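In what follows, a single structure is set out as structure tokens and then discussed.
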Amino acid sequence: MSVFARISNGFARELRFLARNPWDLALLTWLPLALCAIIAWQLSAGVIRDLPVALVDQERGALARDVAIRIEGAPGLRLAYHAQDMAEAERMARAGAVEAIVLIPREVTARAFEGRGQITLYVNAAHSAASSTIQRELAGIIGAANGRVAIEQMAAVLPPGTVRAAPLAASSAIAFNAPASQEQQLVSLLHPALLHLLFMLAVVSAFGRELRDASVAEWRPDLAAMAGKAAPYVLAFMVWGALATGYLAGLRGWTLAGGPALLMTGYLAMFVAYTGVALLLVGATRCMSQSLSLTGLYAGASFAFAGAIFPVDQASSFAKVWAEILPFTHFARLIALDWVSGAEASVAVAPLLPLAIIMLVTGVPGAWLFLRASRRPQDWGRR
Amino acid sequence: MWAAFRAVFAAIFADRAAALLLLGAPLLYAVLYPSAYAGEIVEDVPVVVVDMDRTAASRDLIIRAGATQQSRIVASLASPAEAERWLASDRASAAILIPEGYGRAIAQGRSGQIVLTGSGAHLLRSSSALGGIGAALGSTAREAAFEQARAAGPAAPPAMQLVTRPLFNTREGYGAAVFPGVAFVIVHQSLLLGLALLAGTARERLGAPLSVTPAQFAGLGLAAAMIAMVQVCWFAGFVFWWQDYPRGAAPLWQVLAGGMLFVAATAALVLLLASLFRTRERPLQLGLGISLPLFFLSGLTWPAAATPAPVLWLARLFPTTPGLELMVGLNQMGGSLADYAAALFNLAVLAAVFGALAFWRWTSPRGLPALPVRAARDLSGSA
């Protein structure tokens, strides 16, 4: 039999199995769709809006009313409560009814004339995404209120010529993601994070099942047949990768700064690298349930280690090494370079190299171990 | 009842995969997961400067910006275009641009303008770098104001100052913001996968739906709840202390009572789902992928205010959503049970409904009417 015929035999054999087993088919059809859709739907607001804030007004003056109006006007905030005192506001924060408390103390307006006015913002730091949005919005609100106080009130009391603009002005901007939307950042990473885990579970199941059911005896695999067997999974998840990219880049308008070709090459390299790891786990344990448990351990926490949201640069050296041996980390780097910032192709291809290395280092011994197990009946049927 | 209770533990110790999931996973994840977040705060973000002014004032600003904890100056570049290339290729996460005329403007008593740009590829990293540089600018501005005052009299002091205080996660570490929630997803997944694997194995050996007496069902439920409660105590009592996360803010009996309700709802759902599996490996295949969506649905990182209402309702069907709200509230935010009445009610309803369904599934001899057909198909497929 020619190589091509053996590949297509393996391919057709796997498709026949999937057609008979709806739950194995689910792992590459509706389960990725459902999980990706839930995440996409949840984060579809993109920019966080209307976070509830409580205002504790101890002064009862024009300043508090001004701040209240500005909070209502800020797109990220919503004035949910006028609390009587701090104790009541803190209760609301604990119960999750508000994400932050703005405290306007007594006599703050009088102190503002001396340049000592102080407004305190308490943010719920247990909710990180919400707290950073609130801090940014409120800094803007106080800055604007300051400008008004300076112009309207201080100019009236201070001698002429002394009211000048502050000596330093900075304008800051976020490059490549102007609205600082977390939708692009989170969804572009969460979709591949879900897909690679489901992909690895599917491939581990596909190969582990053959040893468990001793069906290798009848199949008698070689490298070409194994490639044919893995192909339906790689193809199906490439389609999901393309759809996830199309959803975010096309439907939601987060245009690919680089190009789709490099991103899809990255998806392919990532899936092939995870195929190598899957083979290594199945070949080493020769037990489907243990390989699946180890898959959960290896690929289940990738999102935390990829360093795309929270940096791993300061983490322990163990965490840094662990991050490097996860293909998802390199794929996340590719997303940052190719999708978000649109780096030159010569720079953006860099993450493909470690993916290729992981593929070889795990795939070669993995395939050898699996082929060896496929010829040793004592390795079959382990649960 | 006690025979069934003991039988669960005997089965766990006889099954390596189940023991790994139920006993090994909480131990491994207690080390593995926090190690990714061991950095806790963002430090030494690479920043590039473009100094087109080249005066004493601009050099002073650069030195101060480099001296902050959050940022590290990695290069001084000749043009903004070069800085953009550094950002695009991900070699720097933020850029400071000092245009020509900055020093002269300050010397003349006008505002010196600078431009700060963060990279959209890493929102958290770039915004903390910009925050650190902002603090450095504040001190530069004070000195510049002093210089200017010698010539033109004092500038207007900023009338009001915004002081931000973090509530609950007072060190604002990102591990402390994420792991206290993730721990309860780990408990949920460990119990679900471990017990469903055992139930699937038992059913596979029996070749028919499992059926137990009400007393035996109580024993199963008690065993499941005990395993989960030990895990809750392990995380909330030891791991949070060991990793030095905010913890134990509420009275102990309240944490235990809240934990028991979370455990009851989780055990009820796990028993219900466990009764559905017919193959040993199936729960691992289908269940491992839902961890990440479960965590995001809980609303700890993505606020409920920015989540579409149908997704919020869906999220309430899983014990992890009210469980995380309750346990993070009690452990980290110092709330009392009364603050989380809605979450407690949610958990109680889930425990009652899932518990009743699970009781019916386990104690009725035939199970669902459609089941024999599906069971036969599954057995023929996996054979």
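The values are calculated or read from the model by the stated rules, or taken from the named source; none is laboratory data. Note that the structure is a prediction, hence the values are computed from the model and not measured. Counting neighbours? That spans all protein chains shown, and the Cβs are built from the backbone with ideal geometry, glycine included.
Aliphatic (A, V, I, L, M) and either under 16 Å from B:TYR29 (Cβ atoms) or in contact with a strand residue (DSSP E or B) (Cβ under 7 Å, 6 or more places away or on another chain) (or both), is that true of A:ALA332? I'd like the intermediate steps shown before the answer.
Working: aliphatic (A, V, I, L, M): yes; either under 16 Å from B:TYR29 (Cβ atoms) or in contact with a strand residue (DSSP E or B) (Cβ under 7 Å, 6 or more places away or on another chain) (or both): no.
Answer is no for this residue.
Quick test of your reading of the structure: B:LEU22 fulfils all but one of (1) in contact with a Lys or Arg (Cβ under 9 Å, 6 or more places away or on another chain); (2) surrounded by 20 or more Cβ atoms within 10 Å (Cβ to Cβ); (3) within 25 Å of B:THR363 (Cβ to Cβ). Name the failing condition by number.
(1)
Given the criteria closer than 28 Å to A:SER302 by Cβ, within 14 Å of chain A (Cβ to nearest Cβ) and of a type in the set (Lys, Arg), does B:ARG64 qualify? Spell out how you get there, then give the answer.
Details: closer than 28 Å to A:SER302 by Cβ: no; within 14 Å of chain A (Cβ to nearest Cβ): yes; of a type in the set (Lys, Arg): yes.
No.
Looking only at residues that are at the interface with chain B (Cβ under 9 Å from one of its Cβ atoms) and outside any helix (DSSP H, G or I) in the range A:70-96, which one is farthest from A:GLY143 (Cα to Cα)?
So, considering only residues that are at the interface with chain B (Cβ under 9 Å from one of its Cβ atoms) and outside any helix (DSSP H, G or I), the one farthest from A:GLY143 (Cα to Cα) is A:ALA95.
Consider only pairs whose beta carbons are under 9 Å apart and that are at least six residues apart or on different chains; among these, list those whose first residue lies in the range A:363-375 and is in contact (Cβ under 8 Å) with a residue 24 or more places away in the chain and in a helix (DSSP H, G or I) and whose second residue is hydroxyl-bearing (Ser, Thr, Tyr) and surrounded by 14 or more Cβ atoms within 10 Å (Cβ to Cβ).
A:GLY363/A:THR275; A:GLY366/A:THR275
Which condition number does B:VAL255 fail, the rest of (1) among the hydrophobic types (A, V, I, L, M, F, W, C); (2) closer than 20 Å to B:GLY24 by Cα; (3) buried (at least 17 other Cβ atoms within 10 Å of the Cβ) being met?
Against the list (1) among the hydrophobic types (A, V, I, L, M, F, W, C); (2) closer than 20 Å to B:GLY24 by Cα; (3) buried (at least 17 other Cβ atoms within 10 Å of the Cβ), B:VAL255 comes up short only on (2).
Going by the conditions given, is B:GLY207 assigned by TED's automatic domain parsing to the domain that holds B:ALA7 and modelled with pLDDT under 90? Walk me through it before giving the result.
Working: assigned by TED's automatic domain parsing to the domain that holds B:ALA7: yes; modelled with pLDDT under 90: yes.
When the stated conditions are applied, B:GLY207 passes them.
Please state which of the following conditions A:HIS191 fails to meet, knowing it meets all the rest: (1) in contact (Cβ under 8 Å) with a residue 12 or more places away in the chain; (2) within 14 Å of another protein chain (Cβ to nearest Cβ); (3) closer than 20 Å to A:ARG6 by Cβ.
It is condition (3) that A:HIS191 fails.
Please indicate, with yes or no, whether at least one residue in the range B:11-18 is of a type in the set (Phe, Trp, Tyr), over 18 Å from B:LEU124 (Cβ atoms) and surrounded by fewer than 20 Cβ atoms within 10 Å (Cβ to Cβ). Can you show your working first?
In the first step, residues of the range B:11-18 are kept if they are of a type in the set (Phe, Trp, Tyr); the result is B:13.
Subset that is over 18 Å from B:LEU124 (Cβ atoms): B:13.
Narrowing the set further to residues that are surrounded by fewer than 20 Cβ atoms within 10 Å (Cβ to Cβ) leaves B:13.
Yes, because at least one residue in the range B:11-18 is of a type in the set (Phe, Trp, Tyr), over 18 Å from B:LEU124 (Cβ atoms) and surrounded by fewer than 20 Cβ atoms within 10 Å (Cβ to Cβ).
What tally of residues in the range B:123-136 results from selecting those that are touching a helix residue (DSSP H, G or I) at 6+ places or on another chain (Cβ under 7 Å) and not small (Gly, Ala, Ser)? Don't jump to the end; show me each part of the working.
Step one: list which residues in the range B:123-136 are touching a helix residue (DSSP H, G or I) at 6+ places or on another chain (Cβ under 7 Å), which gives B:123, B:127, B:133, B:136.
Imposing the further condition that a residue be not small (Gly, Ala, Ser) reduces the set to B:123, B:133.
Summing the residues that are touching a helix residue (DSSP H, G or I) at 6+ places or on another chain (Cβ under 7 Å) and not small (Gly, Ala, Ser) in the range B:123-136 gives 2.
Give me the residue from the range A:99-124 that is assigned to a strand (DSSP E or B) and more than 7 Å from every other protein chain (Cβ to nearest Cβ) and, out of that set, farthest from the chain's Cα centre (by Cα). Let's see the steps before the verdict.
First, the residues of the range A:99-124 that are assigned to a strand (DSSP E or B): A:100-104, A:117-124.
Now restrict to residues that are more than 7 Å from every other protein chain (Cβ to nearest Cβ): A:100-104.
Values: A:ALA100: 25, A:ILE101: 29, A:VAL102: 31, A:LEU103: 34, A:ILE104: 37 Å.
The qualifying residue farthest from the chain's Cα centre (by Cα) is A:ILE104.
Could you look through the range B:54-89, keep only residues that are under 33 Å from the mean Cα position of the chain (by Cα) and of a type in the set (S, T, N, Q), and pick out the one that is surrounded by the fewest Cβ atoms within 10 Å (Cβ to Cβ)?
B:GLN69
Taking the options B:THR363, B:THR266, B:THR301, B:THR307, name whichever one is at pLDDT 95 or above and either among the polar types (S, T, N, Q) or surrounded by fewer than 23 Cβ atoms within 10 Å (Cβ to Cβ) (or both).
Details: B:THR363 fails: at pLDDT 95 or above; B:THR301 fails: at pLDDT 95 or above; B:THR307 fails: at pLDDT 95 or above.
So the residue among B:THR363, B:THR266, B:THR301, B:THR307 that is at pLDDT 95 or above and either among the polar types (S, T, N, Q) or surrounded by fewer than 23 Cβ atoms within 10 Å (Cβ to Cβ) (or both) is B:THR266.
Is there a residue being touching a residue at least 12 places away in the same chain (Cβ under 8 Å) and more than 9 Å from every other protein chain (Cβ to nearest Cβ) anywhere in the range A:314-325?
So the first thing to find is which residues in the range A:314-325 are touching a residue at least 12 places away in the same chain (Cβ under 8 Å), and the list is A:319, A:322-325.
From what's left, more than 9 Å from every other protein chain (Cβ to nearest Cβ): A:324-325.
Scanning the range A:314-325, I find at least one residue that is touching a residue at least 12 places away in the same chain (Cβ under 8 Å) and more than 9 Å from every other protein chain (Cβ to nearest Cβ), so the answer is yes.
Can you name the condition, by its number, that B:PRO246 falls short on among (1) modelled with pLDDT of 85 or more; (2) closer than 19 Å to B:PRO34 by Cα?
(1)
Quick check, is A:PRO311 farther than 25 Å from B:ALA92 by Cα and not in a helix (DSSP H, G or I)?
Values: farther than 25 Å from B:ALA92 by Cα: no; not in a helix (DSSP H, G or I): yes.
In short, no.
Helices (runs of 4 or more DSSP H) wholly in the range B:5-115 with at least 3 residues that are out of contact with any Cys (no Cβ under 9 Å at 6 or more places or on another chain) - which ones?
Details: elements: B:16-19, B:25-36, B:56-66, B:80-88, B:102-107.
Correct list: B:25-36, B:56-66, B:80-88, B:102-107.
In the range A:212-238, what residues are touching a helix residue (DSSP H, G or I) at 6+ places or on another chain (Cβ under 6 Å) and within 14 Å of another protein chain (Cβ to nearest Cβ)?
Across the range A:212-238, the qualifying residues are A:ARG212, A:TYR233, A:PHE237.
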